[in-house]
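This report concerns only the one structure given below.
The values are calculated or read from the model by the stated rules, or taken from the named source; none is laboratory data. What you see is a predicted model, and the numbers here were worked out from it, not measured in a lab. Counting neighbours? That spans all protein chains shown, and the Cβs are built from the backbone with ideal geometry, glycine included. All accessible areas refer to the heavy atoms of the entire protein, side chains included, with ligands and DNA or RNA removed. Shrake-Rupley method; radii C 1.70, N 1.55, O 1.52, S 1.80 Å.
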Amino acid sequence: MPIIVKDFTWQQTEKEIFISVPLKGAKACQSNVLCTEDYIKVNFPPFLFEIFPLLPIDVDKSSAKIGNGVILFTLHKQEPSIWDTLSAANMEKEAMQKVREKAVARVQEKAKEDAEAKALRKRENEKYSLEVMMKIDEEERKQIESIKEEERRKASEELERFKEQQRIEEQRRIQEEQQRREEEKRKNAINQKPHPQAAEKPGSEKVLPPTRKTGSIKIQFTPRVFPTALRESRLAEEEEWLQKQAAARRAINTESLEIQDLKEEEKNPEWLKDKANKLFSAGDYLAAVDALNLGIRINDKIPALYLNRSACHLKLRNLHKTIEDASKALELLTPPVLDNAAARLKAYVRRGTAFCELELYVQGVPTLDIGALETLLDNSIFSLRRGSRRL
């Protein structure tokens, strides 16, 4: 049972009432104050102070201050008057209990309304902040777009000026070429004009030079397996590559018990490579890797198996395995000749792509450049040689 505090003091004016309640050793943080129009309570265990005001009070204008061991209430009367007593006398317990419950319910409802109002203000503030941020982002985006548009305009103007300059230079070059040709024609006409003193005499015969004799010229080409002129021959490397390919096709390992149980076509690496290509085209990269793994166990000297498996690993995002297989394929694609240039380019591209996906750009970018450069040089040399053979 709480101890009811009765040693409080109060004073009044026409508009306000002042109540001083001693805390009796309790701390301010332990005090719980409840104030409504017709009920005031202070709970600071084990003490309890409560009153039922004689007339309603204005809660919004009233206040309670805690300090120096007392609680000081300043209550504002709704109707100015002088009260005879502070609280209503002879209230029954049931009426008092109803007032208490009504006051608690009113305080809880007010707390709920305050919480909802606070949540609403928070949402409005968040909405306002979001709108402000969106507005700032939109302004920044428009600014960036305007900068881009200005850059595009400048680039277009520079391109137009460059084209105009090129057109003017081309016209000037054509005019100079026409003038040069006209000058050459004029000089040739002057040189071909016969001298007056060298005119033929009447009755003299004109002496003509003898006609050329007819004949035929035989042209022979050096027989070559590869389209390369003999003076630019890489015969040694090309023959080494052909021998290496032939040896790789013969290097079949069928001694494993696992391989011996396979069908005859499944022991052929070329058949497995074709099967892996079909699976790769169908999007079944794991099955393609299994087929190529079996082909490599049967014959680990064929570079196409490693090259195709690197493509499967690249699709499966196994980047480290892609680098290993592409590097192994490059080791087998030696010596570098025109016949394996396309395969070397694929190996370089896949290895460089894997390096770049791993953000190892120092290794990846040079790899891509080397592959592109080698293929470009091989194709350029091949084109030049084809041209020289046609001549």
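See the values below:
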| item | result |
| --- | --- |
| Lone unmet requirement of (1) without any contact (Cβ under 8 Å) to a residue 24 or more places away in the chain; (2) more than 60 Å from the chain's Cα centre (by Cα) for Arg100 | (1) |
| Criterion: within 16 Å of Trp271 (Cα to Cα) and touching a residue at least 12 places away in the same chain (Cβ under 8 Å) - qualifying residue of Ala329, Ala304, Ala311 | Ala304 |
| Residue check, Gly69 of a type in the set (Gly, Ala, Ser), modelled with pLDDT under 85 and open to solvent by less than 60 Å² (accessible area, probe 1.4 Å) | yes |
| Segments classed as strands (runs of 3 or more DSSP E), wholly inside the stretch 18-87, with at least 2 members that are in contact (Cβ under 8 Å) with a residue 24 or more places away in the chain, under 23 Å from Arg106 (Cα atoms) and under 60 Å from the mean Cα position of the chain (by Cα) | 32-35 |
| The one condition in (1) more than 30 Å from Phe52 (Cβ to Cβ); (2) open to solvent by less than 70 Å² (accessible area, probe 1.4 Å) that Ala95 fails to fulfil | (1) |
